[in-house]
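Before any comments, here is the structure.
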Amino acid sequence: MYILLYVCLIGAPGTCKEERINWSAEEALPMACIMRSQAAIAEWAEGHPQWHVGRWKCVPASRLPRDI
């Protein structure tokens, strides 16, 4: 299970990107991810103070978009 974050630079709000947090094993339930992901998102945000987390969602690894 991954937490996908859509983040933007605080100093340049038009500069945005997607970040991925590997949250747990694939067999984790999406509802568990949604309910427990706040701590992982807060930890990520604390380590990246120049970025603002705009949106996020939980996605199973099998449904992640593939980079080319």
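Here the mean projected area of the convex hull built on the C-alpha positions of the chain is 4.9 nm². Helix 30-47: angle to the longest alpha-carbon principal axis of the chain, degrees 0 to 90, nearest 10? Helix 30-47 and the main axis of the chain meet at about 30 degrees.
Label separation (Glu46 vs Tyr6): 2.7 nm, computed from points 7 Å beyond Cα along the C-beta direction.
By the count of other C-beta atoms within 10 Å, a proxy for reagent exposure, Met1, Met35 are ordered fewest to most as Met35, Met1.
Throughout, read-outs are computed from the coordinates displayed, never taken from laboratory work. In this text, all values refer to a predicted model and were calculated from it rather than measured experimentally. We place every Cβ from the backbone using ideal geometry, glycine too, and count neighbours over all the protein chains shown.
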